[in-house]
Amino acid sequence: MNLSLSIFHLLSALVVAYAQSGPEVASYFRKHLSNTSTIYLPLESNYSLETTQRWNAFSAPTYMISVKPTTDLDVQKIIEYAFIHNISFLGTGGGHGYSVTLDTVQNGIEIDLGHFETVSIDQNANTMTVGGAVRFANITGPLYDAGKEFQVGACSCVGILGATLGGGVGSYGGLHGLEMDALKSLRMVTGTGSLIEVSSTSHPDLWWGMRGAGFNFGIVTSATYQVYNFTHNGQAMSADFRFHASQNASLYEFARSFTGKMPDAFSIDIAIAYNESFGGTYLFANFIYVGPLEEGIALIQPLIDLEPFDQNVTMIPWKDIETSSRYGVDAVACIKGNFHSVWGLNLYQIDVPTLIAATNYMDAVYAQHVDFRFAFLAIDMYAPRVIESIPDEETAYPFRSAIARFLLDIGFSNSSRAAAASQVGRTARSIFIPTSGASTSNIEVYVNYGHGDEGPLGWYTERKLPRLNKLKNRYDPHRLFSHYNALEAD
Ligand SMILES: Cc1cc2nc3c(=O)[nH]c(=O)nc-3n(C[C@H](O)[C@H](O)[C@H](O)COP(=O)(O)OP(=O)(O)OC[C@H]3O[C@@H](n4cnc5c(N)ncnc54)[C@H](O)[C@@H]3O)c2cc1C
């Protein structure tokens, strides 16, 4: 059964404004959803065990109820109910979204997609179909066993769809492009309640918008991606280094030297961090090279010559890129429920003086704010050739020419420190803005790295917004999907 597009239109006359309680909503869903779906109220003892927890507890949405549907029809019914009763709702994939805009959902309905967790791989067709909540950790093993690889991000706990719908960057992006570039089709429930297939031949207008602004139009229950045969027999060099802060200029100069000539198989991650036992402020860096060890070492030889105070250069299976590289920081990146203030910016050039200024700034922050010493400021840099080989106008994603990204994560343990964390984040971002190389005065940021204060021009650009707004009017005219770095009402 499919709820037709026109039903929501008719229902809009029936929208009721009286408040519903969690138990009332639960009672309705228990009667009307499939009997394999599950429903949890926040005060129930098993709530946090059975529902997907958020990575960021700061500016988080709050819910009167969490519903875990099992069928597409369940998803349609939940959206329909929320619409009629004027209750805000949010879909949860991996729960790693951290934008401050998410707290616009208060006392809402969570559509936890946790039961949409299937992964199936077609070895001959080179495709993978995943459910809406599948995380990177769920696909790497099965793909590797099938002799296939995929572009993955920096954290195994991130939802694939959550990353894909905004773009999806990571260390195999130089070889295979953005995660969204591997998409072949989507099955989704739109903001009009319709269940549709979206691909280059089915709803091609929406297909354009889903790739770069996909959170604005509906909930994806399953997606099919292209996957790739192994590069270098599924093995890659992972090189982890720790440098003293005093060596920062050489490290940044090394990264800058790859501008315009980054090998597709190479990726660079550099982070400023703090650790008392390493002498305070230091840098850690990871380099992935998908090829023979000797070739990888030849690329990073200038850094080995700098004599980092710690190094680990090794070949690993690609399936372990997220979990083993970066000194295994993935285990920490997966921890949920802490407060984070996260800030990002696209970089179209690597400006060494700016990076040195950022290092000095973070050094001062660590000295001044002892409780921000878990904060890290990172730069990631992936070869842009394959990403740029797809014309800009083919997708809503607007930042194919960005060569790197700045990302600052300030973890803090007490909400009274939120304002201070914001101050640090805003100042750090302002250090990067003048030399980012952006061609506009908007704060341009890959939507999934956005703090949440940049606005639609910053996430989607003036160039793409008119077409995106038209799609919004067509596929989510009631602005139900408006809580994550969203397009604004016309
Ligand atoms: C530690 C960490 C590491 C990261 N590393 C990377 C990285 O290497 N590369 C990168 O590109 N990004 C990275 N990100 C950013 C990440 O892509 C975004 O935070 C993304 O939104 C997370 O998706 P999620 O499903 O885990 O989160 P959620 O909070 O569940 O979802 C985020 C948004 O996407 C929507 N959404 C999720 N699933 C669906 C679906 N099936 N259908 C429709 N909407 C959906 C949600 O409704 C919400 O609006 C990282 C984030 C963190 C916290």
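If you go through region 32-46 and keep only what is under 30 Å from VAL342 (Cβ atoms), of a type in the set (A, V, I, L, M, F, W, C) and either surrounded by 15 or more Cβ atoms within 10 Å (Cβ to Cβ) or touching an Asp or Glu at 6+ places or on another chain (Cβ under 7 Å) (or both), you end up with just LEU41.
Please state which one of ALA273, ALA255 is in the same structural domain as TYR397 (by TED's automatic domain parsing), within 16 Å of the ligand (Cβ to nearest atom) and touching a residue at least 24 places away in the same chain (Cβ under 8 Å). First the steps, then the outcome.
Working: ALA255 fails: within 16 Å of the ligand (Cβ to nearest atom).
Answer to the check: ALA273.
Would you mind finding the one in VAL119, VAL130, VAL105 that is touching a strand residue (DSSP E or B) at 6+ places or on another chain (Cβ under 6 Å) and farther than 23 Å from PHE481 by Cα? Write out each step before concluding.
Values: VAL130 fails: farther than 23 Å from PHE481 by Cα; VAL105 fails: farther than 23 Å from PHE481 by Cα.
Matching residue, one of VAL119, VAL130, VAL105: VAL119.
Taken together, the residues in region 47-70 that are within 15 Å of PHE339 (Cβ to Cβ) and part of a strand (DSSP E or B) amount to 1.
Among the listed residues LEU178, LEU195, LEU186, identify the single one that is of a type in the set (A, V, I, L, M, F, W, C), more than 12 Å from the ligand (Cβ to nearest atom) and either modelled with pLDDT of 95 or more or more than 15 Å from the chain's Cα centre (by Cα) (or both). I'd like the intermediate steps shown before the answer.
Working: LEU178 fails: more than 12 Å from the ligand (Cβ to nearest atom); LEU186 fails: more than 12 Å from the ligand (Cβ to nearest atom).
Only one candidate qualifies: LEU195.
Considering the conditions (1) touching a Leu at 6+ places or on another chain (Cβ under 9 Å); (2) modelled with pLDDT under 95, ALA489 is excluded by exactly one of them, (1). In the set (1) of a type in the set (Phe, Trp, Tyr); (2) more than 13 Å from the ligand (Cβ to nearest atom); (3) touching a residue at least 60 places away in the same chain (Cβ under 8 Å), the condition left unmet by PHE215 is number (2). If we keep just the residues of region 397-442 that are aromatic (Phe, Trp, Tyr) and within 17 Å of the chain's Cα centre (by Cα), which is nearest to ASN338 (Cα to Cα)? The residue in question is PHE406. Residue pairs whose Cβ atoms lie under 7 Å apart, separated by 6 or more positions or on different chains, with the first residue in region 157-185 and touching a residue at least 40 places away in the same chain (Cβ under 8 Å) and the second assigned to a helix (DSSP H, G or I) and basic (Lys, Arg), are MET180/ARG211; LEU183/ARG211.
Quick one: is ARG479 over 25 Å from THR259 (Cα atoms) and more than 21 Å from the chain's Cα centre (by Cα)? Answer is yes for this residue. In this structure, is ASN360 free of Cβ contacts under 8 Å to residues at least 24 places away in the same chain and either surrounded by 22 or more Cβ atoms within 10 Å (Cβ to Cβ) or polar (S, T, N, Q) (or both)? It is true that ASN360 is free of Cβ contacts under 8 Å to residues at least 24 places away in the same chain and either surrounded by 22 or more Cβ atoms within 10 Å (Cβ to Cβ) or polar (S, T, N, Q) (or both). Residue-level check: of (1) out of contact with any strand residue (DSSP E or B) (no Cβ under 8 Å at 6 or more places or on another chain); (2) among the hydrophobic types (A, V, I, L, M, F, W, C); (3) assigned to a loop (DSSP other than H, G, I, E, B), ALA331 misses just (3). Taking the criterion of being farther than 20 Å from CYS155 by Cβ, touching a residue at least 12 places away in the same chain (Cβ under 8 Å) and assigned to a loop (DSSP other than H, G, I, E, B), the residues of region 440-465 that qualify are THR440, ASN442, ILE443, GLU444, ASP453, GLU454.
Quickly run through region 393-432 and pick out the residues that are modelled with pLDDT of 95 or more, assigned to a helix (DSSP H, G or I) and over 21 Å from LEU283 (Cβ atoms).
Of the residues in region 393-432, the ones modelled with pLDDT of 95 or more are 393-412, 416-432.
Still in the list and also assigned to a helix (DSSP H, G or I): 393-394, 416-432.
Within region 393-432, GLU393, GLU394, SER416, ARG417, ALA418, ALA419, ALA420, ALA421, SER422, GLN423, ARG426, SER430 qualify.
So, PHE278, is that one crowded, with 21+ Cβ neighbours inside 10 Å and free of Cβ contacts under 8 Å to residues at least 60 places away in the same chain or not? So PHE278 does not fit the description; no. Filtering SER413, SER436, SER422, SER482 for residues that are of a type in the set (Gly, Ala, Ser), surrounded by fewer than 16 Cβ atoms within 10 Å (Cβ to Cβ) and in contact (Cβ under 8 Å) with a residue 24 or more places away in the chain leaves a single hit, SER413.
For (1) at pLDDT 95 or above; (2) out of contact with any helix residue (DSSP H, G or I) (no Cβ under 6 Å at 6 or more places or on another chain); (3) small (Gly, Ala, Ser), each residue gets a yes or a no:
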| site | (1), (2), (3) |
| --- | --- |
| LEU10 | no, yes, no |
| ALA17 | no, yes, yes |
| PRO69 | yes, no, no |
| VAL75 | yes, yes, no |
| ILE78 | yes, yes, no |
| GLY93 | yes, no, yes |
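Restricting attention to region 330-359, the residues that are of a type in the set (Phe, Trp, Tyr) and within 14 Å of the ligand (Cβ to nearest atom) add up to 2.
The values are calculated or read from the model by the stated rules, or taken from the named source; none is laboratory data. The model shown is predicted, which means the values in this text are computed figures rather than measured ones. Counting neighbours? That spans all protein chains shown, and the Cβs are built from the backbone with ideal geometry, glycine included.
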